[in-house]
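J.: Here's a structure for you.
The values are calculated or read from the model by the stated rules, or taken from the named source; none is laboratory data. All figures in this text were calculated on a predicted structure; none of them were measured in a lab. Counting neighbours? That spans all protein chains shown, and the Cβs are built from the backbone with ideal geometry, glycine included. Accessible surface is based on the protein model in full, side chains and every heavy atom, while ligands, DNA and RNA are left aside. Shrake-Rupley method; radii C 1.70, N 1.55, O 1.52, S 1.80 Å.
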Amino acid sequence: MVNTTTATSDRAFDAVLCDLDGVIRFFDDSVVTRLEREAGLPEGTTATIGFAPEHDGPLLLGRITRTQWAESIAGALSSRVPRPRAEALATAFTEADFRADEQVVGVLRLLRGRCPLVLVTNATVWLDGDLAAMGLTDLATSVVNSSLVGMVKPDPGIYRLAAGRVGARLDRCLFVDDRAENVDAAVALGATGVLYREVADLERALAPLLRDAPSSR
């Protein structure tokens with residue numbers, strides 16, 4: 001079960017640890033969906049393959065490049081569609097456009113000066129460029145990127161590392177993620193957990209820290 005009990009002290013939390021994808025960043029899958037329909041594949045086929053552990057596991061640990069990731073996806077797809085279609089799907093998937101949810105970003109920016117924010121993300125070695133493209137290089141106090149630290153959520157070590165980056169104890173941290181297994185792992189280590197589904201989840205969790213801040217809406 002996810003623990004949503006707020007810690008008690010002068011400050012609700014000493015740090016906020018927040019996921020990136022599925023909370024702050026969202027990808028545009030419209031091109032991939034169109035190509036899947038044209039190829040006669042069920043919608044989501046490419047994502048299922050691309051995010052399978054044998055394909056994105058090495059990527060999230062920094063062991064393969066984007067090109068190698070695309071090649072592995074195309075190889076798996078080529079048993080179902082002609083190779084040129086497989087390559088087009090893999091390229092569209094691995095190079096999909098993305099955007100930041102500005103409402104979520106606005107809420108998180110209110111933490112500045114109140115509480116450290118650490119992004120804890122299963123991400124790629126090119127994440128810094130992606131953050132720059134979204135104008136988010138200054139959003140967090142620190143970024144813990146799985147591909148650079150050699151650990152992926154829900155490995156307990158990545159949570160301990162994230163809290164340590166800002167000198168916080170995990171039992172004094174709020175952890176936000178859109179995947180239940182990642183939240184449950186953080187809670188098992190003593191953190192307060194929030195399973196993210198909408199911005200209201202984040203606003204409620206941060207209310208003790210932001211009660212004096214202007215509205216994000």
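J.: If you restrict to DSSP beta bridges whose two residues both lie in the chain, what percentage is antiparallel, to the nearest 5? Let's see the in-between values first.
T.: Values: 3 of 19 bridges.
In the chain, DSSP labels about 15 percent of beta bridges as antiparallel.
J.: To continue, here is another question. Tell me, what ³J(HN,Hα) does each residue in region 17-24 have, in order and in whole Hz, if you take phi through Karplus 6.51 cos²θ - 1.76 cosθ + 1.60 with θ = phi - 60° and put x for Gly and Pro?
T.: Whole-Hz 3J(HN,Hα) from phi for region 17-24: 9, 10, 5, 9, 6, x, 10, 9.
J.: Could you give me the ³J(HN,Hα) list for region 35-42, computed from phi with Karplus coefficients 6.51, -1.76, 1.60 and θ = phi - 60°, whole Hz, x at Gly and Pro?
T.: 3J(HN,Hα) across region 35-42, in whole Hz: 5, 5, 4, 4, 8, x, 9, x.
J.: Per DSSP H run of at least 4 residues, take -39500 (n - 2.57); add these up for the chain, divide by its residues and hand me the 222 nm value, nearest 500 deg cm²/dmol.
T.: It comes out at -12500 deg cm²/dmol, rounded to the nearest 500.
J.: Let me ask something else. In the Gaussian network model of the chain, springs joining C-alpha atoms below 10 Å, which of Ala200, Ala47, Ala180 carries the largest mean-square fluctuation?
T.: Judging by the Gaussian network model, the answer is Ala200.
J.: Please identify every one of the GluC sites (Glu not before Pro) in region 17-126 that sits in a loop by DSSP and has no more than 16 other beta carbons within 10 Å of its own beta carbon.
T.: Values: sites: Glu36, Glu38, Glu43, Glu54, Glu71, Glu87, Glu95, Glu102; in loops: Glu43, Glu95.
Passing both the DSSP loop test and the Cβ count: Glu43, Glu95.
J.: Would you tally the net charge around Ala90, using a Cβ to Cβ cut-off of less than 11 Å, leaving Ala90 out, and scoring K and R as +1, D and E as -1?
T.: Once positives and negatives cancel, what remains is 0.
J.: Which whole-Hz ³J(HN,Hα) couplings does region 44-51 yield from phi under the Karplus relation 6.51 cos²θ - 1.76 cosθ + 1.60, θ = phi - 60°, glycine and proline marked x?
T.: Result, rounded to whole Hz: x, 4, 5, 5, 4, 6, x, 9.
J.: Kindly list the residues of region 87-117 that lie in the label zone of Asp21, defined by a backbone N under 13 Å from the point 7 Å along the Cα-to-C-beta vector.
T.: From region 87-117, the list is 93-99.
J.: Based on the Cβ-Cβ distance of Arg83 and Leu148, what FRET efficiency does E = 1/(1 + (r/R0)^6) give at R0 = 41 Å, to the nearest 0.05?
T.: The computed FRET efficiency comes out at 0.80.
J.: Report the local net charge at Val105: Lys and Arg +1, Asp and Glu -1, summed over other residues whose C-beta lies under 12 Å from its C-beta.
T.: The answer is +1.
J.: Something else about it: Tell me, what is the per residue accessible area of the chain in Å², probe radius 1.4 Å? List each step's numbers first, then the result.
T.: Working: 10440 Å² over 217 residues.
On a per-residue basis, 48 Å².
J.: With everything on Cα atoms, drop me the angle between helix 66-77 and the longest principal axis of the chain, reported from 0 to 90° to the nearest 10.
T.: Approximately 60 degrees, to the nearest 10.
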